4 protein chains.
Amino acid sequence: MEKILMKGNEAISEAAIQAGCKYFFGYPITPQNEIPAYMSKHMPKAGGTYLQAESEVAAINMVYGAAGSGARVMTSSSSPGISLKQEGISYIAGAQLPCVIVNIQRSGPGLGGILPSQADYFQAVKGGGHGDYQLFVYAPATVQEAVSLTMEAFDVADMYRMPVMILGDGILGQMMEPVDFTPPKKRELPEKDWATTGNDGSRDNNVINSLYIQAGPLYQRTLDLYAKYEEIKKNETRYGLYNTENAEIILTAYGSSARICKSVIDSLKEEGIEVGMIRPITVWPFPYDIYDEYASMDHIKRFLTVEMSMGQMIEDVKLGVNGKKPVEFFGRTGGKVPTVKEIKEKVMEMIQEVRA
Amino acid sequence: MEKILMKGNEAISEAAIQAGCKYFFGYPITPQNEIPAYMSKHMPKAGGTYLQAESEVAAINMVYGAAGSGARVMTSSSSPGISLKQEGISYIAGAQLPCVIVNIQRSGPGLGGILPSQADYFQAVKGGGHGDYQLFVYAPATVQEAVSLTMEAFDVADMYRMPVMILGDGILGQMMEPVDFTPPKKRELPEKDWATTGNDGSRDNNVINSLYIQAGPLYQRTLDLYAKYEEIKKNETRYGLYNTENAEIILTAYGSSARICKSVIDSLKEEGIEVGMIRPITVWPFPYDIYDEYASMDHIKRFLTVEMSMGQMIEDVKLGVNGKKPVEFFGRTGGKVPTVKEIKEKVMEMIQEVRA
Amino acid sequence: MEKILMKGNEAISEAAIQAGCKYFFGYPITPQNEIPAYMSKHMPKAGGTYLQAESEVAAINMVYGAAGSGARVMTSSSSPGISLKQEGISYIAGAQLPCVIVNIQRSGPGLGGILPSQADYFQAVKGGGHGDYQLFVYAPATVQEAVSLTMEAFDVADMYRMPVMILGDGILGQMMEPVDFTPPKKRELPEKDWATTGNDGSRDNNVINSLYIQAGPLYQRTLDLYAKYEEIKKNETRYGLYNTENAEIILTAYGSSARICKSVIDSLKEEGIEVGMIRPITVWPFPYDIYDEYASMDHIKRFLTVEMSMGQMIEDVKLGVNGKKPVEFFGRTGGKVPTVKEIKEKVMEMIQEVRA
Amino acid sequence: MEKILMKGNEAISEAAIQAGCKYFFGYPITPQNEIPAYMSKHMPKAGGTYLQAESEVAAINMVYGAAGSGARVMTSSSSPGISLKQEGISYIAGAQLPCVIVNIQRSGPGLGGILPSQADYFQAVKGGGHGDYQLFVYAPATVQEAVSLTMEAFDVADMYRMPVMILGDGILGQMMEPVDFTPPKKRELPEKDWATTGNDGSRDNNVINSLYIQAGPLYQRTLDLYAKYEEIKKNETRYGLYNTENAEIILTAYGSSARICKSVIDSLKEEGIEVGMIRPITVWPFPYDIYDEYASMDHIKRFLTVEMSMGQMIEDVKLGVNGKKPVEFFGRTGGKVPTVKEIKEKVMEMIQEVRA
């Protein structure tokens, strides 16, 4: 398939359209505005609907409505806008509806700045909203991966009836790379017999709801939800390994940070130093097992988590490593991006300590 | 000081007024409605202002405004309402403003039910909003503790210029217990020379803001924030220990769940079985060190985290224990409350495995 | 064309679809809920979009957006909801955009009641919003007329680039009558070369705006608007006459009230008393001239305005009659509908005075 | 009493505070921003509350709430903001609550411009909201009159339990003139025994409501409302006369336009031409009777209505004159202010026709 050069935000948009997304509801915020711009132009041509809502709160509730009717629907925003959507996201998760939510992270907290960040990791994977629920979260590191995972996100959402987040950042959103739109491997998707598509009287009414008057049914709903989550952990956890065979130190990073870590590893390799990387592609479900596995290897001495935050994914890394090896942190935040040089220095310090 | 019998929600309200709270902005939701009801009645008498806003989003932004003027201000809500406030909370944290936020948790996700729950733990301590920030979170287990911690919350908020959450649940909110309103130990509080109280020209303007155009200052602001958080971890971390000296198993629970665990421990003690409890009083800062300390003791074989959720605080417990001992989970959620009998059975299973 | 039996609200909806309406934005309120219900079901089949907005304010601004793109768009509501739309309506009028707004009046002020009313006449014709502008307002008296005028409304809106209101009431909306959907007489409609449909660079950008920095251009815009209004008054003013030739008294009423007045006239005719009716079909432009004409006839002694209000259209009637004959009022409001018997009694009193 | 030099907007604000206004809810819009600015600064000092709401819709509903508790409350805005408040205004009128609403008109429709205008006359006096109701509307022409009428507005509101509007414009709001704050003549005001101030059980609950399930009570409420309006028309109608004794032509204008007309009259008098003015001070109740009286005088040949609009008050003038004399119009709008020269030319044309 021919490759074309596209900006991350536009590539995500086109991927959504090709995946059959028919509704897009949003509200503008930098650095994701290319997504609504692209959608407003191309959705009508694809027989879909683009609508700029009154606010992020309105937008996520429109997603709720459209998802309830069984349509493929997406919203996108950046950090503060995603915070405004937390109530709606919890409702969609509770009502077990499929949708795709894109967060092109900017730096926070508050209005923060429009520069890239990875400081919404906790919000994405620990549940920014209330109650027991999970988002499925893909963390693409390249524009091509953003395309593939966005397409797959719609399938995963439909398969498990849950909201799927694409967790990107301003670098990924603004960067241009060549991409193709090869569709993901075909999955057997369940029929949407739960959707509220109108009832001609031949069946009982479908009801989309997240309200429970009694504790029993709500507890059962939650158990069902978590049984599904267990199944997902088994089937959908995804990560990448890079130069891990002989590594003394395992770097770990996702998204744009992983690109930088790759350069660090290549650069150190030229100097004869073996450092590897575990790169979570799904940050929920998080690939705890691979950390446990590598933590148990003798040649691995330490782990270094690299994030554009003050340290968030490091908690999941520690939970995976579970005390078997030390886990250290290197981060830049507030719009600062960690440099290859800085990370190399940090790694070299660790190497020296380890070898001492 | 004389004790009076009060409902948790009303006691929290009265404690706020006695602590000098002058503004309350909210929006109704069960099971915390006694708080706005009490405030609407008593705030005007205390020379304060009660206002029901258009929505939770409006309410938290009014808190932002009032906090910026240096006034003591509070909002309260329950789970879905707290989700709606996430953007505002992140702004307040980013702008480094003091305020008190009460979450009387109901069961979720979505509308869920009005029965009690502890499923907003992640939201409270991992940052439900976007960006690098923390809430200070108290988790009272009795109405008296709710009173004392609410009063202290206003001092802590002013001392560190940050939002403080009272993380309660429907049981605590609805339960009646005798309380007194002894003020907390007097702290040396900094002057609010940053507040926007009007400027007669004798100084530069004070500006309340969370927007940064450049990465450098935003990074520095975030480093300052986290330096403050380190200081708080050192000075303000609080927990309770119960019957831990000879315990084989350490239960761990906060809030209403800790009350039930206490009954479990007492009941097992009568049967000659020694089980103890670590009860976090601050869930952020989380008392990781005490877990590390107990995990290192030989007589402690295992940990059991008890929550009204599908398992959230357990991650912090594991991070504290760091692989030194197994950490297990017992939970009920969706409005179900774990019973003494159920927990005892679970503990007895663990005891048998440990002794085997 | 075959006639089918339909409820007024549904007939208006179907008429809109047949007239090429492609977007419907609304928010529920009794007694017009059959309109959004019908639209939600039938719009998608017609290749259109139905969307329930966050509020009436959001809905009218979505109408503004869709109208700006040149699409045929409609909203409907009932009295309180129409009040919420006043800012948006003024914007649409100022930006000279075509759209159709249905008001199925309920009784007010405030929440009032869900029973029928004609108390929004002033709001509809004198400009409920701010600034110098007019709505074009049709006041249908039968379901068939509602159908025909709704279809025509889209043409009129496009022809003059202005919002057109269908001013109905709960009786008209809920009543079933046989209707056909014969399209209106074909008009030569101008091309929508002003619409913001995307610009491939081959022309200047189209801009939809109601903001003017300088007084000159805003004054000119307003003069243009009122030049257009003069043209409309000349070409589009419409009314019905009933039994006016030998009448001593002229009744005047619009919408449902006109149906009752017709019964009054028929009943009095059987008793040998000649009473006629002028029925405005467009309440803006108001048919002032026909009142002037009849007020100048010797056999006409008095006018009686019948409204489901405390007296609103009577001002326009008086402006038309201009002192030439007395104008009296009979009204019921608050959900009360004037009865044939009541009106006959009022007319008989007038007859006796006139003949005395 | 000593006079001080104040801007119209600030003088209105200070008058409100001196009249005992304790709550101000608003949302910013030019050209009335000096009012919220003044209120935010001075309200707290006066033991009152200033709050900037989420929107105009929120602000008017807060006014509704505060008015229901019996407090003196005010909001202010400019044209588009007043349109957004129409639903709330209708609710307040329906619930028979006292409050003061300031409209410092800008030019419309739509966003229009920030320059002065009188194009919201219809909205103010014919009911911009839905249903049968009236606002009491004062139209001050000087800053001193704005002060006096604002103070009186709070009394009138309390006396008749209805919303009172101060209808100003950008000229009045921005102009500086010397004012004193002499309180209005003391009125015997009824006790607010209907207010929802909390109930200790010694009386039935007070209920503030505008919803009626049945037509009967709603009709009766409306009849009561209009009986009150009749009483007001009798007691509160106010106007000014200027040089009317020997006038051939009667100019009529309110607010800023009346100031210009006064210059026209003075200038013509110097040239020996006698022209007078009727200046409505209350535009609702409108002083119809004085127009009827003057229209019946032989020396009066014609009326000329001067407005900063395309012609709105002229309808009320015509209703007063009722065909006895011709009524002509001179207007400028869109931010254009009619000049003395322009109006003189128009008057001279009329004089020539009349004398011909």
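The values are calculated or read from the model by the stated rules, or taken from the named source; none is laboratory data. Note that this is a predicted model, so its numbers are computed, not measured. Positions of Cβ are backbone-derived with ideal geometry, glycine not excepted, and every protein chain shown enters the neighbour counts. Surface areas here come from the heavy atoms of the whole protein model, side chains and all, with no ligands, DNA or RNA. Shrake-Rupley method; radii C 1.70, N 1.55, O 1.52, S 1.80 Å.
Odds and ends about this structure:
- Of all the criteria given as (1) surrounded by fewer than 18 Cβ atoms within 10 Å (Cβ to Cβ); (2) within 12 Å of chain B (Cβ to nearest Cβ), the one not satisfied by A:Val354 is (2).
- Matching option when the condition is free of Cβ contacts under 8 Å to residues at least 60 places away in the same chain and farther than 30 Å from C:Tyr212 by Cα, among C:Pro109, C:Pro178, C:Pro116, C:Pro140: C:Pro109
- Hey, D:Glu236 away from chain C (no Cβ under 14 Å), more than 20 Å from D:Glu307 (Cβ to Cβ), in contact with a Ser or Thr (Cβ under 8 Å, 6 or more places away or on another chain) and touching a residue at least 40 places away in the same chain (Cβ under 8 Å) or not: yes
- Some residue of the stretch A:105-112 being under 29 Å from B:Leu223 (Cβ atoms), surrounded by fewer than 24 Cβ atoms within 10 Å (Cβ to Cβ) and within 11 Å of chain B (Cβ to nearest Cβ): yes
- Whichever residue in the stretch C:318-330 is at the interface with chain D (Cβ under 9 Å from one of its Cβ atoms) and more than 16 Å from C:Pro280 (Cα to Cα) and, among such residues, is least open to solvent (accessible area, probe 1.4 Å): C:Gly323
- D:Gly170 being at pLDDT below 95 and open to solvent by less than 10 Å² (accessible area, probe 1.4 Å): yes
- Some residue of the stretch B:135-142 being modelled with pLDDT of 95 or more, within 30 Å of B:Tyr242 (Cβ to Cβ) and open to solvent by 20 Å² or more (accessible area, probe 1.4 Å): yes
- When the stretch C:48-79 is filtered for residues that are touching a Lys or Arg at 6+ places or on another chain (Cβ under 8 Å) and closer than 26 Å to C:Gly108 by Cα, the ones remaining, listed by number, are C:Glu56, C:Val57, C:Ala59, C:Ile60, C:Thr75, C:Ser77, C:Ser78, C:Ser79.
- Any hit, the stretch A:262-285, residues being in contact with a Gly (Cβ under 9 Å, 6 or more places away or on another chain) and of a type in the set (Phe, Trp, Tyr): no
- Taken over the stretch B:182-211, the residue count meeting the criterion of being within 14 Å of chain A (Cβ to nearest Cβ) and closer than 26 Å to B:Pro285 by Cβ is 2.
- Annotation: of all residues in the stretch A:173-217 being surrounded by fewer than 13 Cβ atoms within 10 Å (Cβ to Cβ) and among the acidic types (Asp, Glu), the one that is nearest to B:Gly108 (Cα to Cα) is A:Asp193.
- Near pairs, Cβ below 8 angstrom, 6+ apart or cross-chain, from the stretch A:36-47 (at the interface with chain C (Cβ under 10 Å from one of its Cβ atoms) and over 15 Å from A:Ile104 (Cα atoms)) to any residue that is open to solvent by less than 60 Å² (accessible area, probe 1.4 Å) and assigned to a loop (DSSP other than H, G, I, E, B): A:Lys41/C:Gly198
- Here the strands (runs of 3 or more DSSP E) wholly within the stretch A:72-164 that include at least 1 residues being under 13 Å from the mean Cα position of the chain (by Cα) and of a type outside the set (Lys, Arg) are A:73-77, A:99-107, A:136-138.
- Among the residues of the stretch C:293-305, those identified as more than 26 Å from C:Ser107 (Cβ to Cβ) and either more than 10 Å from every other protein chain (Cβ to nearest Cβ) or of a type in the set (Lys, Arg) (or both) are C:Glu293, C:Tyr294, C:Ser296, C:Met297, C:Asp298, C:His299, C:Ile300, C:Lys301, C:Arg302.
- If you check C:Ser90, C:Ser107 for being among the small types (Gly, Ala, Ser) and under 26 Å from C:Tyr226 (Cβ atoms), only one passes: C:Ser90.
- Restricted to the stretch C:1-68, the set of strands (runs of 3 or more DSSP E) holding at least 3 residues that are in contact with a helix residue (DSSP H, G or I) (Cβ under 9 Å, 6 or more places away or on another chain) and open to solvent by less than 50 Å² (accessible area, probe 1.4 Å) comprises C:23-26.
- Inclusion of B:Leu167 among residues that are touching a residue at least 40 places away in the same chain (Cβ under 8 Å), closer than 24 Å to B:Gly70 by Cβ and in contact with a strand residue (DSSP E or B) (Cβ under 9 Å, 6 or more places away or on another chain) is not warranted.
- Qualifying position, being away from chain C (no Cβ under 14 Å), aliphatic (A, V, I, L, M) and open to solvent by 10 Å² or more (accessible area, probe 1.4 Å), among D:Ala146, D:Ala71: D:Ala71
- Any hit, the stretch D:306-317, residues being more than 14 Å from chain C (Cβ to nearest Cβ) and touching a Lys or Arg at 6+ places or on another chain (Cβ under 8 Å): no
- Among (1) touching a residue at least 60 places away in the same chain (Cβ under 8 Å); (2) within 14 Å of chain D (Cβ to nearest Cβ); (3) open to solvent by less than 10 Å² (accessible area, probe 1.4 Å) - the single one C:Pro98 does not satisfy: (2)
- Qualifying residue in the stretch A:285-306 (condition: touching a strand residue (DSSP E or B) at 6+ places or on another chain (Cβ under 9 Å), within 19 Å of B:Gly131 (Cα to Cα) and in contact (Cβ under 8 Å) with a residue 24 or more places away in the chain): yes
- Test: residue in the stretch D:212-227 that is in contact with a strand residue (DSSP E or B) (Cβ under 7 Å, 6 or more places away or on another chain) and small (Gly, Ala, Ser): yes
- Residues (farther than 18 Å from A:Val137 by Cβ and polar (S, T, N, Q)) located in the stretch A:149-185: A:Gln174, A:Thr182
- Complete set of residues in the stretch B:331-351 that are outside any helix (DSSP H, G or I) and either surrounded by fewer than 18 Cβ atoms within 10 Å (Cβ to Cβ) or more than 14 Å from chain A (Cβ to nearest Cβ) (or both): B:Thr339
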